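Below is one structure, written out as structure tokens; comments come after it.
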Amino acid sequence: MLRSIDCMHWKWKNCSFAWTWMYSGHVHEPTIILGVVVSYDLWIWHALFGLSGSHNDINVLERSSIFNQLTEDRAPLVNYLIHGHNHLMGYYLADGIYPSWVTFVKTISASQGSKRKLFDNAQESARKDEERAFRVLQARFTIVRGPTRFWDQEILKDIMTAYIIMHNMIIENEQGIPQRKLTLDSHSQLLKLKNFMTNPLRALLKTLKEEWYEGKVTRHDHFDALGHIDDALNRVPT
């Protein structure tokens with residue numbers, strides 16, 4: 001597993017009345033979205049801040065540069081075995097709204113049976129990283145917990161960026177981990193990223209899906225995970 005991916009909505013109390021409809025989504029009041037990629041130690045590796053609250057997680061994903069390295073064939077090399085199948089691509093834990101890409105491992109929809117429920121529980125437990133990171137960020141810095149009263153979006157971006165950096169610095173200090181590189185998607189790059197991601201990424205994932213059908217690559221599906229559970233249970237002494 002690489003990391004977990006998810007989004008948080010920051011309520012915008014002083015959003016312009018003319019923009020209220022654009023920044024209101026399922027929260028039913030104006031919000032600004034923070035999309036992050038978080039590891040198990042709560043370190044935030046990637047952040048995209050500035051999209052209006054009317055977007056969903058898929059819209060945020062399509063505007064993120066997180067898969068740039070993948071489309072440019074610069075992604076880190078991985079190689080591991082699950083249930084006898086060799087995997088050459090890392091994966092992210094995500095919830096059900098994310099697309100069924102080879103880079104995502106999601107829960108099983110309407111899971112039935114002990115193995116499927118065990119898989120869902122394990123996936124959801126590991127995927128709590130981003131929720132824990134959001135709560136820790138808000139607990140440490142009150143300004144990002146409640147509705148923000150600033151008017152200027154650039155000020156809001158600077159505030160969120162500063163506190164993400166400080167959050168990571170605290171994690172590094174408390175856990176004694178080496179300094180890492182945080183990737184921030186600029187609000188001014190959103191249109192450029194959207195145009196970039198729409199064509200190359202979808203084309204690449206389509207190619208990977210076709211190669212999977214031809215047996216050239218193995219996707220991270222639930223069958224491998226369930227098979228791995230079977231293997232583990234068979235090794236337990238009775």
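Within the stretch 16-31, the set of residues being buried (at least 23 other Cβ atoms within 10 Å of the Cβ) and of a type outside the set (Ser, Thr, Tyr) comprises just one member, Pro30.
Only residues that are among the polar types (S, T, N, Q) and in contact with a strand residue (DSSP E or B) (Cβ under 8 Å, 6 or more places away or on another chain) were counted in the stretch 92-123, giving 2. When Tyr91 is tested against (1) at pLDDT 75 or above; (2) farther than 26 Å from Val60 by Cα; (3) out of contact with any helix residue (DSSP H, G or I) (no Cβ under 8 Å at 6 or more places or on another chain), just one condition goes unmet, and that condition is (2). Residues of the stretch 55-88 that are at pLDDT below 75, in contact with a helix residue (DSSP H, G or I) (Cβ under 7 Å, 6 or more places away or on another chain) and within 30 Å of Trp19 (Cβ to Cβ): Phe67 alone. When Thr107, Thr161, Thr142 are checked against the criterion of being among the β-branched types (Val, Ile, Thr) and farther than 23 Å from Cys15 by Cα, Thr107 stands alone in meeting it.
Scanning the stretch 1-48 for residues that are outside any strand (DSSP E or B), touching a residue at least 60 places away in the same chain (Cβ under 8 Å) and under 17 Å from Lys157 (Cα atoms), we see that the one that is nearest to the chain's Cα centre (by Cα) is Lys13.
If only residues of the stretch 123-163 that are within 22 Å of the chain's Cα centre (by Cα), among the β-branched types (Val, Ile, Thr) and buried (at least 17 other Cβ atoms within 10 Å of the Cβ) are counted, the one that is nearest to Glu29 (Cα to Cα) is Val144. Annotation: of all residues in the stretch 116-127 being charged (D, E, K, R) and touching a residue at least 12 places away in the same chain (Cβ under 8 Å), the one that is nearest to Trp12 (Cα to Cα) is Arg127.
Restricted to the stretch 109-123, and to residues there that are of a type outside the set (A, V, I, L, M) and closer than 15 Å to Asp95 by Cβ, the residue that is modelled with the highest pLDDT is Asn121.
The values are calculated or read from the model by the stated rules, or taken from the named source; none is laboratory data. Computed from a prediction, not measured in an experiment: that's the story for all the values here. All Cβ positions, even for glycine, are placed from backbone atoms using ideal geometry, and neighbour counts span all protein chains on display.
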